[in-house]
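Remarks on the structure that follows.
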Amino acid sequence: MTIKQNTLLLWALSVVPCLSQASSLYLSYNSEEQWAYVGENSYLLSPDGGSLLLNYDLSEDWSLSLDIGQLQDARQPDAPIRLSYKADAWGAGVSYYQEQWSAYYQYSVYNDKQSTLDNGPGPDSTLKIHSKTHSSGVSYHWVNNDNWQLTSSAGLHYSDWQQQQTDRPDDPDRAMTHTTTPGNATIGSIALNLTGFNRPNDVYELSYGSYVSWNQVFNSETQSQNTEQRAPNRRNRSEPNHNRNNLVASGSESYGLINVYVAVSVAENWILDVDASRDFGSDDNSHSWSMNLGYIF
């Protein structure tokens, strides 16, 4: 089994560095690709939804963050198969800033449910995943002036999850089967972020840039528990987690990510930003994008 998660829910709100050091509230629309596995077949879903991120500065050195979101999709990729997918997540974190350095800790919870209705010979099934992730890391600003910001980051993440799968055969003489698969993973991550700034006047400010990250699994363990001693036959994946000030990742598969973004202050204290991401180096690469409206206070 492969799990690649914390989704765009907690995160795509926030690839764009904040144009202000003040507290902020962001409302986001997110869309991502999500692979669903049914037997030997794989199907590409496109769940979308909203998320909310609050950053609150306790002082010049300390800030708190809280974010919550949800994604869902339903479609019929093949005539006998109908799939539905729903995910929700929330996270809370604290960051500390000191001159060119910053550090963070974040705790996040992720839940998703994939349901398969098979009008053919296959069984109906439900796959649920619940995961909790502890993340910490540091960042260093190599260049930090009015025009450019170059930042390198490194993080360490521990995630544990439980996957539950239920199969309901069409044959009433066959019993329903349940599979429970607990697991955990330790992941190291590194990233490089380059951001440019342009201020055409006193009201409008433009921010644009890109970052590249790599998330390496150091240790991953799973254990299947089933009345029929049968391992899960599907994998569940979604986009990695990237908080506005943090570098967060979890799952059981090593992968990279490249992101591009642009943000503009559309009015006093208001920011509109758009970003797009694509992962690489994994079995099934996918992409995501988000549009975010932020208020600085």
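A short reminder: the numbers here are calculations on the coordinates, not readings from a lab. The structure presented is a predicted model; accordingly, all values stated were derived computationally and were not measured. Note that we place each Cβ from the backbone using ideal geometry, even for glycine, and neighbour counts take in every protein chain shown.
Straight Cα distances below 13 angstrom link LYS128 to the aspartates and glutamates ASP88, ASP112, ASP167, with same-chain residues fewer than 8 positions distant left out.
Order these by the 10 Å Cβ neighbour count, fewest first: ASP160, ASP167.
On the way: ASP160 15, ASP167 21.
Ascending Cβ contact count within 10 Å gives the list ASP160, ASP167.
Sorting check: for 107-115, 50-58, which peptide has the highest mean count of neighbouring beta carbons within 10 Å, and how do the rest follow? Write down the numbers at each step before the final one.
Values: 107-115: 19.7, 50-58: 17.9.
Taking the mean over residues of other Cβ atoms within 10 Å, the ranking is 107-115, 50-58.
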